[in-house]
1. Can you tell me which of B:GLY209, B:GLY240 is small (Gly, Ala, Ser) and under 27 Å from A:ALA246 (Cβ atoms)?
2. Test A:THR393 against the stated conditions and say whether it is over 21 Å from B:ARG137 (Cβ atoms) and of a type outside the set (Lys, Arg).
3. So A:GLY72 passes all but one of these: (1) at pLDDT 95 or above; (2) assigned to a loop (DSSP other than H, G, I, E, B). Which condition number does it fail?
4. Considering every residue within segment A:359-371, establish whether at least one is without any contact (Cβ under 8 Å) to a residue 60 or more places away in the chain and either more than 24 Å from A:GLU87 (Cα to Cα) or in contact with a Ser or Thr (Cβ under 9 Å, 6 or more places away or on another chain) (or both).
5. A:PHE390 - would you say it is in contact (Cβ under 8 Å) with a residue 60 or more places away in the chain, more than 13 Å from chain B (Cβ to nearest Cβ), aromatic (Phe, Trp, Tyr) and under 23 Å from A:ARG50 (Cα atoms)?
6. Quick one: count up the residues across segment B:49-78 that are within 14 Å of another protein chain (Cβ to nearest Cβ), over 29 Å from the mean Cα position of the chain (by Cα) and either open to solvent by 30 Å² or more (accessible area, probe 1.4 Å) or of a type in the set (Phe, Trp, Tyr) (or both).
7. Just to be sure I understand, how many residues within segment B:215-249 are among the polar types (S, T, N, Q) and out of contact with any Gly (no Cβ under 9 Å at 6 or more places or on another chain)?
Amino acid sequence: MSRSDPFHRADEPTRRAFLGQAAAGLLGVSGLAIFGPGVTARTTSGGTARNVIYLYMAGGMSHLDTLDVKPGAETQGATEAIPTQAEGVLIGHRLPNLARHLDKATVIRSMQTTQGAHEQGRYYLHTGYLLRGTIQHPSLGAWLARFQGGDNPSLPPHVEIGGTRYTAQAGFLASRFAPLPIGDPTRGLQSARPPESVDASTVARRQELLAAMNQEFLERRPSRRVRAAAEMYDQAVELMRSEDLAAFDLGLEDERIREAYGSEAFGQGCLLARRLVEHGVRFVEVVLGGWDTHVENFEALDERCPILDQALSTLLADLDARGLLEETLVVLATEFGRTPRINQNNGRDHYPQAFSCLLAGGGIAGGRAYGATDPTGSEILDSPVSIPDFNATIAWALGLPLEEQVFSESGRPFTVAGKGRPVLDLFA
Amino acid sequence: MSPLLFLLLAPQGPSFEQEVLPVLQEHCFRCHASPENGGPAQPKGRLRLDSPEQIRRGAGGEAVVAGYPEESVLWELVSLAEEDPDRMPPDRPRLAGEDLETIRAWIEAGADFGGWTGSRGEAGEEEPRPPARTPDRIQELQALAEGLPPLTEAQAEKLRSVGFLVSPVVPGTGLLRLTCYGREKTVNDDALRALRPFAPQIAVLHLGGTRVTDGIWPELARFERLVHLDLHQTQVQGEGLQVLQGLSHLRVLNLYGTQVGDLAAASLGGLTSLRSLYLWDCPLKEESIEALRKRLPGTRIIHSLELPGPAPPAEDRRSGR
């Protein structure tokens, strides 16, 4: 007996997921969800933010060299501390532009995780649950899509740029909550437009033909799922004609702004994230790899940090100028930190005990550091924040019901952030 | 049916009452049974294991799928690895090998409860967690949402029909956030007039990129709970925006990319309730911005976009090692 549903599998082609989501939005399903039974007076969630731009630093970003510098410590190595717009908050010298925008952010220096290997750590960070063979958990963007739906009926609520295994995922939720994956932000949405040889009338004719065939099929096999599949194609054609596709086109952006984000895929991904949020996409993850600095940590950071610095500082400035930081939570996260001890290869190894993340906008207080590590960056002294707590904080900001149980196909109950509790002191 | 045939077809697995129930009683009932069976006042995870109905019902899906241990939550959770945080029972050693085998074999053989009826009673709800300190911004919104019942689906549909998607600002209340992403070109001053019945309960209104003009100001006077008004990249020039002075809860006003100029600056100066005022890419002179800053000392005024210079080439970035 198989209890799996072929239409609701997480490993389905993701374009289908996207179009399915579009269909859901246009059919008003997401509108229903807003007022569904899940929203009760018992809900304790806040709702200071509407959107999330989630910047995932894959590989484990060294906290000592970025957001939690320890000037004078033997463990510091070739990283200097520089002052920032947040009074008394110092960061690593490779992030000079970010330093000018820390008045808009809170640095969390008391992050901790239980997972010290990359895949496990990445999975835990994204889902709040441990990686296991028996079940796939949803990431935050999928929970958001599940509970609240999108804000733009013709765009997916959840997009991932440069993602990899165990980043954003629908898990056991229906595949229409999976992120739309974008590989190269500068190339936009591939195949969303018909080839030039196919003109609008051809599309219309083909669509009529398809409709006729579907009609026959539907008459023979009247099923909700068949109908949904047929509707999905209608929505796909709708999307091809949608003006909102412009959201994916970085060519429409001012050249000066494009350059400011940096020419690397990550910077352009951040710019795309801003454009998508401007058009009502609600959760965008952008991935920057290369932080696994076991060998020559400082040289590697000389190369990585400027990419982050350029993109994140521009993103914060750009969102702020447009008023988007009011409702957009910017998250800078990584799966774990790196050892204070510098190894024989002049590198740093995995360090789950203590690391740093950053939150900005979406109701988060600006110009602060939250929590602290000891003078060597090894132990958390104050206000530890677990991965589930971190996720609960983001979920709370979005107004998601933290207590509401959603059941996996096997009937097990899960909540958006597991046993995590939101850190409300982070909010203004 | 002949006795022999009956024996051949009868479940061959362990007896529930004699073999499985004792394991559940010893290891599970402390958290997953009604009080009469030694459980807590509220069963953990809304799951009770002290009647066939409750086991079948599970906590929102069957806990046991007859014949399929691998699809049964009960089996999955007790058989997880020793160090897995989800393993049941928590904070105690994993069940002994023979107890696990008993459960597995019983499910595989069809999960027959025999004559056992177990306990009656309903599964309760878990205690909600105590609330933490609520941030000021949320407290303010909660106060505004007081007494506003959630929209009905018909009302939401009515708003959708004029181009707006609606969601509650405070979950479970009728304090509303309205957006029109993807429909901006259909939203004009008339669309705003269509919002009139809902005006007093709208707290967040996104009209960026729409076709609205200065004709909307008189209409906006009705939005007595308006907290966040976004008019970026619209045709408004600010003539008449002084009506916003009557909106005492207005905290955020976004006018970037509009033609709001020096003439409107005097009216903007009266919006003392503002926390943030967005004026980037507007035709306002530096002197007007300075004057505004003086009149609105508690307001963050954003009127420029300062971008970092292009990144230096990689060879200039090396640390002095």
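The values are calculated or read from the model by the stated rules, or taken from the named source; none is laboratory data. The structure displayed is predicted, hence computed values, not measured ones. Quick reminder, even Gly has a Cβ in these numbers, built from the backbone with ideal geometry, and neighbours come from all protein chains shown. For accessibility, only protein heavy atoms count, side chains too; no ligands or nucleic acids. Shrake-Rupley method; radii C 1.70, N 1.55, O 1.52, S 1.80 Å.
1. B:GLY209
2. Spelling it out, it is not the case that A:THR393 is over 21 Å from B:ARG137 (Cβ atoms) and of a type outside the set (Lys, Arg).
3. The single condition A:GLY72 does not satisfy is (1).
4. Taking every residue of segment A:359-371 in turn, none turns out to be without any contact (Cβ under 8 Å) to a residue 60 or more places away in the chain and either more than 24 Å from A:GLU87 (Cα to Cα) or in contact with a Ser or Thr (Cβ under 9 Å, 6 or more places away or on another chain) (or both).
5. Yes: the conditions hold for A:PHE390.
6. Total satisfying the criteria: 6.
7. Within segment B:215-249, residues that are among the polar types (S, T, N, Q) and out of contact with any Gly (no Cβ under 9 Å at 6 or more places or on another chain) number 2.
Matching residues to (1) more than 26 Å from the chain's Cα centre (by Cα); (2) among the hydroxyl-bearing types (Ser, Thr, Tyr); (3) within 14 Å of chain A (Cβ to nearest Cβ):
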| residue | (1), (2), (3) |
| --- | --- |
| B:GLU146 | no, no, yes |
| B:THR179 | no, yes, yes |
| B:GLU184 | no, no, yes |
| B:LEU195 | no, no, no |
| B:ILE202 | no, no, no |
| B:GLY208 | no, no, yes |
| B:THR213 | yes, yes, no |
| B:GLN233 | yes, no, yes |
